[in-house]
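Following: one structure in structure tokens, then a few remarks.
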Amino acid sequence: MVRLHTKELNIGYGERNIIKDLSVEIPDKKITTIIGSNGCGKSTLLKAITRIIAHQSGSIMLDGQEIARENTKSLAKKMAILPQTPESVGGLTVGELVSYGRFPYQKGFGRLTKRDYEVIDWALEETGTSEFKYRSVDSLSGGQRQRVWIAMALAQETEIIFLDEPTTYLDMAHQLEVLELLQRLNRQQKRTIIMVLHDLNQAARFADYLIALKDGNIVKAGSCEDVITRSVLRDVFHIDAEIGRDPRTNKPMCITYNLLKGETNNEETYDSIRIPALTGS
């Protein structure tokens, strides 16, 4: 089943066209990761799908409806987005920030109901941030803050969550912590996760479906096996990559790479190099 898809989507700024006639289906209840070089249109695509920016032509369909025609609160009950560098009003406590996720459900003067408080506490519990409820968001570490923002998205009670580079500025341990949380939300609660990642091996490890973009076009979309290949990475990133196997997940991973500097190596030359699978205990 596909709830979310685009057809012949064009997005631009002024006269510059960023996304060009892009048609893609987002698998439901899976983790989809968008990869590509800087400036290829990853964040632009995410912003258009979540209606942060407008698209020039084409369509973005959710549950058979064009999102441009959806009521804002109705759409906010279906999808949540964690932007690349989320910023909160200074002085907010964690509980106050997470309560913002209840906005689509508030009426009248916007007072929180018993149900709202129950959902907020549940979101804090799910993200392991309950102990921070009364602490200032500004006092938290980067990894803790990112989990709090994800808690706010959970409090929105949407089945679809978008994240734009959720591991940016985090150290390796906190990156893994955030990605494992998203994977758990997907596997246990069947949330559809769509995110942008720069790290190819993290993308391969955690994604069910990958979309590789270049200059606003899809070079390849499919499983990790389909996308994390020498030819695709050469086309998208202009690198000569050696692909092996992650010894813990058995998924493809980029072991090392060199920049291509005008070489004319053809596919036969690349295929002649066989990279043995990694082994581990």
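The values are calculated or read from the model by the stated rules, or taken from the named source; none is laboratory data. The shown structure was predicted, so the numbers you read here are calculated from the model rather than taken from an experiment. Cβ placement follows ideal geometry from the backbone for every residue including glycine, while neighbour counts extend to all protein chains displayed. Surface areas here come from the heavy atoms of the whole protein model, side chains and all, with no ligands, DNA or RNA. Shrake-Rupley method; radii C 1.70, N 1.55, O 1.52, S 1.80 Å.
Observations, loosely collected:
- Size estimate for the stretch 1-160 follows the Kirkwood approach: the inverse of mean 1/r over distinct Cα pairs works out to 17.2 Å.
- Backbone phi angles across the stretch 237-248, fed through the Karplus curve with coefficients 6.51, -1.76 and 1.60 (θ = phi - 60°), yield HN-Hα couplings of 10, 6, 10, 9, 9, 9, 9, x, 10, 5, x, 9 Hz in residue order; Gly and Pro are listed as x.
- Loop sites by DSSP among the GluC sites (Glu not before Pro) of the chain, restricted to those with at most 13 other Cβ atoms within 10 angstrom, leave 88-262 as the longest stretch without any of them.
- Close amide H contacts of R245 (hydrogens built in the peptide plane, cut-off under 5 Å, sequence separation of 5 or more or a different chain): M253, L278.
- Isotropic mean projected area of the C-alpha convex hull, the stretch 135-254 (nm²): 8.6 nm²
- The chain - mean residue ellipticity at 222 nm from DSSP helices (-39,500 (n - 2.57) per run, n ≥ 4, rounded to 500): -9000 deg cm²/dmol
- Over all pairs of different C-alpha atoms, the stretch 166-213 has a mean inverse distance whose reciprocal, the Kirkwood radius, equals 11.3 Å.
- Solvent-accessible surface (1.4 angstrom probe) belonging to Y13, in square angstrom, nearest 10: 110 Å²
- Put simply, when 165-175, 227-237 are sorted by average Cβ atoms within 10 angstrom per residue, most first, you get 227-237, 165-175.
- Nearest-ten-degree value, helix 114-126 long axis tilted from longest Cα axis of the chain: 30 degrees
- Overall, the accessible surface of the stretch 82-173 at a probe of 1.4 angstrom is composed of carbon and sulfur to the extent of 53 percent.
- Over 25 Å between alpha carbons, listed pairs K47/K78; K20/K261; K47/K133; K30/K78: K20/K261; K47/K133
- Probing with 1.4 Å while keeping every protein chain in the model, the per residue accessible area of the chain equals 52 Å².
- Rg/Rh for the chain, where both radii come from Cα atoms and Rh is the Kirkwood radius: 1.00
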